[in-house]
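Structure first, commentary second.
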Amino acid sequence: MCSQRSVVTGTCDVSSYLGPSRTSSAYVSPSQAHSQTCLASQTSSFSCIDEPEVSHGAIQFTAYEELRKVIVELKEKRRNSESASDLLNSADYAALGGSSKVAAVLLTYPFQVIRARLQQRPSTNGIPRYIDSLHVIREAARFEGLRGFYRGLTANLLKNVPASSITFIVYENVLKLLKQSPTKD
């Protein structure tokens, strides 16, 4: 039997207790899935991949910074007198934050769908619905097409885009406030 640690580190061989004809992904609790998602491969050994949320944040901040550079450059061409920090306002920060969140979600959402389907409870007869991540991908593509990897995207965007916009408005305005030199009264 595999310990929880051996499942997370990928050193567990499940073929010994699943039988020679089947391999199955181990159930990963949400707390374990936060740091890593372990997926059973075709060869009955586990391979662990980094959680997509790690790359999600990197994609979001990279998109934000690159979009910010483009907007600042466009506005500098129109107005030559102002500094770069004074060119952008809260509406710009909201648009940049929302746009960067949309880019990050569109790129990482399929991984969240795969992970969620792997974590589904087994059916009533105890057989897992999906064997491994490749099985999830094949079944979703076969029965649902590309749309299957983006199920629930609208609700996710409606929840996260406004929050991201507000976060970047607050971040940039607090940063601007902290950069101001103290005034003498």
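Do we have V161 as touching a residue at least 24 places away in the same chain (Cβ under 8 Å) and on the phi < 0 side of the Ramachandran plot here? Considered against the rule, which asks whether it is touching a residue at least 24 places away in the same chain (Cβ under 8 Å) and on the phi < 0 side of the Ramachandran plot, V161 comes out as yes. The single condition from (1) touching a strand residue (DSSP E or B) at 6+ places or on another chain (Cβ under 9 Å); (2) modelled with pLDDT under 90 that R115 fails is (2). Has segment 119-132 got at least one residue that is of a type outside the set (S, T, N, Q) and in a helix (DSSP H, G or I)? No, segment 119-132 has no match at all. Quickly run through segment 132-150 and pick out the residues that are free of Cβ contacts under 8 Å to residues at least 40 places away in the same chain, at negative phi and loosely packed, with under 15 Cβ neighbours inside 10 Å. The answer is R138, A141, R142, F143, E144, L146, R147.
Can you tell me which residue among A116, A155, A94 is assigned to a helix (DSSP H, G or I) and surrounded by 15 or more Cβ atoms within 10 Å (Cβ to Cβ)? That would be A94, the only listed residue that is assigned to a helix (DSSP H, G or I) and surrounded by 15 or more Cβ atoms within 10 Å (Cβ to Cβ). Which number in (1) within 20 Å of F61 (Cα to Cα); (2) buried (at least 18 other Cβ atoms within 10 Å of the Cβ) marks the one condition that L175 misses? Here L175 meets the rest and fails (2).
The values are calculated or read from the model by the stated rules, or taken from the named source; none is laboratory data. What you are looking at is a predicted structure, and each value in this text was computed from that prediction instead of being measured. Don't worry about glycine lacking a Cβ; one is built from the backbone with ideal geometry, like all the others, and counts go over all protein chains shown.
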